[in-house]
Structure formats: structure tokens, C-alpha cells
Amino acid sequence: MKIENKIKDTVAEAIENLYGQKTDSNSVQINLTRKDQKGDFTVVVFPLLRISKKNPEETGKEIGAYLKENMTEIAEFEVIKGFLNLLLSHSYWINSLNEIKDVEEYGFTKTTEDSPLTMIEYSSPNTNKPLHLGHIRNNLLGYSLSRIVGSTGEKVVKTNIVNDRGIHICKSMLAWQKWGNGATPESTGKKGDHLVGDFYVKFDQEYKKEIAGLVASGLSGDEAEKQSKLMAEAREMLLKWEAKDPEVYELWKMMNDWVYKGFNETYKALGVDFDKIYYESETYSIGKEEVLRGLEEGLFYRKEDNSVWADLSAEGLDEKLLLRSDGTSVYMTQDIGTAKMRFNDYPIDKMVYVVGNEQIYHFKVLSLLLDKLGYKWGKDLVHFSYGMVELPEGKMKSREGTVVDADDLIAEMVNTAREMSKELGKLDGYTEEEAEKVYYTIAMGALKYFILKVDPRKNMTFNPKESIDFNGNTGPFIQYSYARIQSVLRKAKDKNITVPDVLNDSSELTEKEIQLLKMVMNFPNIVAEAGKVYSPAVIANYAYDLAKEFNQFYHEMPIVFEEDAKKREVRLVLSEKIGEIIRQSMWLLGINVPERM
RNA sequence: GGUUCCGUAGCUUAAUUGGAUAGAGCACCUGGUUACGGCCCAGGAGGUUGUGGGUUCGAGUCCCGCCGGAAUCACCA
């Protein structure tokens, strides 16, 4: 049994014995003791005064005395201002370490056949431009979430919905036809997604020129947009695409393939992957069918102009368009279709959408619609929304060219990591290839950690320079701490120091060692917490605290050079376990740790 | 204007879900350490937790009103 629960039970028992009233042990409030106070666990006595009818000091003392009497684990207690602080014995801590030291994947819950299945959708790119910093946040959050949820005992399916159709893609295609001169990724040496993105930009430029010309000839802005020939051509192309016009369709396939190749490179560099990819071009027609089914069942209604709507005013929302008057589908229709396909493919218990917070309203509506259409997870689907990524210079705006390209950013991070590592020269003896791998690990650790450590809901500012710092609350600092532990363990091995299977529980522990053990044993709670609130940031902050605490310990006392064998053994086992937990924590964030750096 | 989210030190952020004196990092200033690795330690400065009320033994956290910022409210995706 977990010690927290044992304390709770015993407190309940104490109350019954002392004051003659039964209490639910779950209502007993217990926390880890604040760092600046003596003690390990704290029982909050205020809520118990109602029962004891005595002052906080007295109540705390009576309960404390009872606990000490009845629990061998408790060595001392102290009551301060209504808080009962309990100090556990050294042998308790060493025995706890004995219990967990050989447990693999400590803190993770294994999935079984009957585990619930959660599907996590993330990434969801458009195929008309390359990925940028905003997508990076999405991908990292989604991937980390899938690992966290998967470690709390749930089955996870990672999925991606690719927005591979629509007017925006026709714009790129049209620009390529008009001004591309047959350019291909091979002929230009450009990554496919970048090449297509260039034509998307080209379209926008030419379109603006055309509008400016029309306005100069005396039209108003609105009229000019209506009269634009370019836009008309793009729309015409979309209609041809929907009609599967062979020429348009082939062009669409070819350009999308270029983009996918490019995306796959970026995904690989980011270290993310998917179990199942859906394409909007395959789901939008299913969405239409679903909407028509809903229409037949009287869930939706048709307006005079033939468009189809859902009335959500009873739920406090507006009317929502589901099919245009010309019968074509909108964003919502496609998401309904995708949901249906997924539901057919997997026995989904819970659906999580990792999508930016600008779409909160959309997902509120989607949830209601899916519920109406009879999907059991529709009502409580989770829209994991996150804030924007900004730069120190200000907001990213694609029109103003201040977007940070994902590939550029990754390359820049690797360069910085290489320069810094070379200066420090700890990789002497590594081959070039091995060293490159380490640079990459550090670069991605910096990038990923910096983005994942902040509360997802908040808008964040990405500062490349700060993120790759080796000190402070950064990924490389944690990676460094891990590498340092491995270095200590190697040293122990060199000196032929071994540890017994079971540590002797009679040795004394220092404050620092106990503090570290407490943190180690709190790891399972942290994982559970992160899974519950869907927050990689919880893991990130924990990993940092643990690394920092270890570094203090490392500084304060010798490990390998400790003369007393019993002490040395405890410290080695503790160090090894902390190394494992740092590795696991970083793994949950999708970050690798190097043996040396 | 309606709805939703956010507001903590110069900057980036945390706070065990309502608990003790709001805790870190970066940057800045003193000093000390630096056996296993760049670490680390002590101290200084920096906070009316946007603001005013309310609930509570107890509020950064819950409720209400303001102020500021963001997003959204399309036959765009």
C-alpha cells in the first residue's frame, strides 16, 4: 500500500479512537511537507477540528502521538500552526528504495486487453505550405500527450488528418501551372513542401497585384475581389477537382506527393509519427452522407436556398452551416466524416483533438453534432487547445514573412548545439557520425523542452538562444544531468564497485538523500497527474526539479569516492534510479538523453 | 457587442487543485566553492499575484464587478 494511504487510514482510525467518530479516510488531507519545514508528509488538521472540538495544536498532537504509536514508519512528528508534520524513518526510505530499485519502467502502467482506447489527433497540416513553428508546438504536444496517456495504462492511437483539398491547394496548383515552368523538387533541389509553398505565395502576390490594378482602374475593393480572374480560375479548378477532371487530379496528386515527402522529412526530424493517417479528400464525402442522414432523421434542417443547417440555439449556440447551397461541404462536414471513418476503424472510447485555441468554438459545435449523430464519445471529446507561439520580435505573420520555418529552425538548433559542444570538447574520441547524433539529440532536446515546459493553454514566446542554454530550466541541462549520472556509474564500474541485491536498511541517510527519494517515489503520481490534466508541462517541471536536486546532492557528497560501503551503495542505487527516471520523463516528452555530451 | 481563454519579479515561468513566509530560471550585484563534468552554495536587489469587493479558520487558486490582452462569433479551412 502507498504510504500516503496508510497514513490516511491511520488518521481516520485515530479520529475514531480519540473522538469516537467514524471518518472516511479519503477526506483526510495530506500533502508532501513544504521544503522549508522539517518532515516528509503533512496532515492538515483544520478540517478535523469540527470533530475533535479542540484547538489545532492539541488535535495535531493527539493524532500525531497516535500515528507514531501505531506506525513503525513514523519516526517523529511536529505540529506547527495547524499542520501536523510527519517525519518517516530512515529504514522506511531505504526499504522503499529496495522495493523499487529493480522495477523497470517504474511509474508507468502497462496496458492490457481491456484498457480503454484513446485516439489522439494532432499535426493536421494543410498541403499548400511547409510546417512552421506553430505546427511544431502542435506536433510536440500531440506526440508527448500520446506517450503520457499511453503510460497511464490506456491504449493510444496517434492519428493525423491531412487537409489535402480545398481552394488553398488549388491556388498553389494554379500558380505552378502558370509560372512554374515545370519545376520539380528534383529540378530545383528544393524540398517538396517548400516548393509548393513558394507557389502558394506566388499566387497571393499575383492576386494582390491584380486587385491593386483593378482598384486603380476605379473599382472598390469588394468589386475588385469579385472580378478577379485569378480567383475565378482557382474556384473553377476546385470544381474540376471535385469532378475528378483527369488533368487537375493528376496535378493535384503530383504536387501533394511532393509535399508529403517534405512533411515526412520534417516529422522524422521532429521524431514524431502516426499510427493512422486520414485524408480529407477521402472523408469529406462521408461527412456529406452523415449530414444527409441527420437531415432525414430530423436532426438538421434545409433552408430555402438548399443549404443544410443545425440549430444549436437550445444548447446556447447559434445555427451552424453544414452543407452549402451548392451542396459542397464545409470544414465541419469534413470533421464529421473523419469522425465516422475513425469510429468504424477503431473501438474508440475517447477522442482527443490537439488543435489551436482559435478553434474552441468549432469543437464545441462538433461535440454537440457528433453527440446528436449518436457517437458515444462525441459529447465528451477533448479539444486539447493550446496557445500561439510568438517570437521575441513579436507575432508570426505569414504575410509579413516573419514565420519561422520548421526545417530552418531545426537546422539552426543543430548548428548551435554543434558549436557549443565543440567548444566544450567532451566528445573527443567519438566518430564524426556519433558526435553528430549527440548534437542532434541536444538540439532537439532544447527545442522540445523549451516548448513543452510551458502550460499549453498559454501563448508562449519562443527564444532560440535561451532554449539551448546548458544551464537553467532547459532541456540540455536535464540531458547533461543524465549524462553526468552515467559518467558516475561508469566510474563505479571501472572501480569494480558492486551493489548488493538488497540494501542494508541500517545506514543513516542525509536530508538530501531523503529529499531525492521522496521525489523519486512521487514519480508515479506525477505521471498520473500529467495524464489526467493532459499536460506535458507537469512532467517537464518535475524532471527539472529532480535534475536540479540531484546536482545539489552530487555537489554536497561523494558517490564513488565515499569510503563507507553502505552509504556508497545507497548513493549509487539512488543515482541510477534517478537517471532512469530522468530518462523516462524525457521519453514522455519525446526527448532522448545522451550517454555523454 | 456576445462567448471563451489569459493576466504572478525586467524577461520566461511554478505553486501538490482552497493550505504554512508566492517558489525557480535567465539577466544584474557581493562573496565562497569547484575531488565524479561545465556544477553548486550563501547573500543582495526585484511581488499590493491587473484591480475592487465577496465566500472561508485560510484565496494566486472559488464567486461577482471593473481594467488590459488574445481568440472566436463566415456558404474560409
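Once the mean of 1/r is taken over each pair of separate Cα atoms and inverted, segment A:407-588 shows a Kirkwood hydrodynamic radius of 17.8 Å.
Cβ-Cβ distance of A:Lys35 and A:Lys458, R₀ of 30 Å, FRET efficiency by 1/(1 + (r/R0)^6): the value works out to about 0.70. For the listed residue pairs A:Lys437/A:Lys567; A:Lys61/A:Lys566; A:Lys68/A:Lys101; A:Lys303/A:Lys379; A:Lys240/A:Lys379; A:Lys158/A:Lys190, the alpha carbons are over 31 angstrom apart in A:Lys437/A:Lys567; A:Lys61/A:Lys566; A:Lys240/A:Lys379. Note on chain A: Cα-only Rg and Dmax are 29.7, 94 Å. Using alpha carbons only, the radius of gyration of segment A:75-229 set against its Kirkwood radius gives Rg/Rh = 1.34.
Modelled spin labels at A:Glu265 and A:Asp305, positioned 7 Å past Cα toward Cβ, are 4.5 nm from each other.
Evaluated on segment A:3-88, the Kirkwood hydrodynamic radius is 12.4 Å, with distances taken between all distinct Cα atoms. Taking other residues whose beta carbon is less than 14 angstrom from the beta carbon of A:Leu174, and scoring Lys, Arg as +1 and Asp, Glu as -1, yields -2.
Approximating the spin labels as points 7 Å out from Cα along Cα→Cβ, the A:Val502-to-A:Ala243 distance works out to 8.2 nm. Between A:Leu312 and A:Ala212, the simple label model (points 7 Å from Cα in the Cβ direction) yields a spacing of 4.0 nm. For chain A, the Cβ-based charge dipole about the Cα centre amounts to some 480 debye (Lys, Arg positive; Asp, Glu negative; other atoms uncharged). Secondary-structure-derived ellipticity at 222 nm for chain A, considering helices only, amounts to -18000 deg cm²/dmol, per-run term -39500 (n - 2.57) for DSSP H runs with n ≥ 4. With the highest mean first, a sort of the peptides A:545-553, A:47-55, A:490-498 on other beta-carbon atoms found within 10 angstrom per residue produces A:545-553, A:47-55, A:490-498.
In order along segment A:537-545, the phi-based Karplus estimate (6.51 cos²θ - 1.76 cosθ + 1.60, θ = phi - 60°) of 3J(HN,Hα) comes to 4, 4, 5, 4, 5, 5, 4, 5, 4 Hz; Gly and Pro are listed as x. Here r is the Cβ-Cβ distance between A:Leu292 and A:Glu563 and R0 is 60 Å; the resulting FRET efficiency, rounded to 0.05, is 0.15.
Holding the Cα-Cα limit at 28 Å, pick out from A:Lys110/A:Lys453; A:Lys276/A:Lys350; A:Lys35/A:Lys350; A:Lys350/A:Lys453 the pairs that are longer than that.
Numbers: A:Lys110/A:Lys453 25 Å; A:Lys276/A:Lys350 16 Å; A:Lys35/A:Lys350 38 Å; A:Lys350/A:Lys453 25 Å.
Long pairs (Cα-Cα over 28 Å): A:Lys35/A:Lys350.
Under 14 Å from a point 7 Å along the Cα-to-Cβ line of A:Arg324: which residues of segment A:110-147 have their amide N that close? So the set is empty, nothing qualifies.
The order of the peptides A:132-138, A:111-117, A:448-454, A:347-353 by mean Cβ neighbours within 10 Å, most packed first, is A:448-454, A:132-138, A:347-353, A:111-117.
Within segment A:233-306, the percentage of alpha carbon pairs spaced more than 17 angstrom apart rounds to 66%.
Each of A:Met413, A:Ser506, A:Ile442 was scored by the projection of its Cα onto the charge dipole of segment A:407-588, and the greatest displacement toward the positive side belongs to A:Ser506; charges sit on the C-beta of Lys, Arg, Asp and Glu.
If you plug the beta carbon distance of A:Glu225 and A:Asp408 into 1/(1 + (r/R0)^6) with R0 = 35 Å, you get a FRET efficiency near 0.60. If the chain linking A:Asp345 and A:Ser285 were pulled fully straight, counting 0.36 nm for each residue of separation and taking away their Cα-Cα distance, it would gain 19.9 nm.
Read-outs: derived from the displayed coordinates by stated rules, not from any lab. Fair warning: this is a prediction, and the values are worked out from it, not measured in the lab. So basically every Cβ, Gly included, is an ideal-geometry build from the backbone, and we count neighbours across all protein chains shown.
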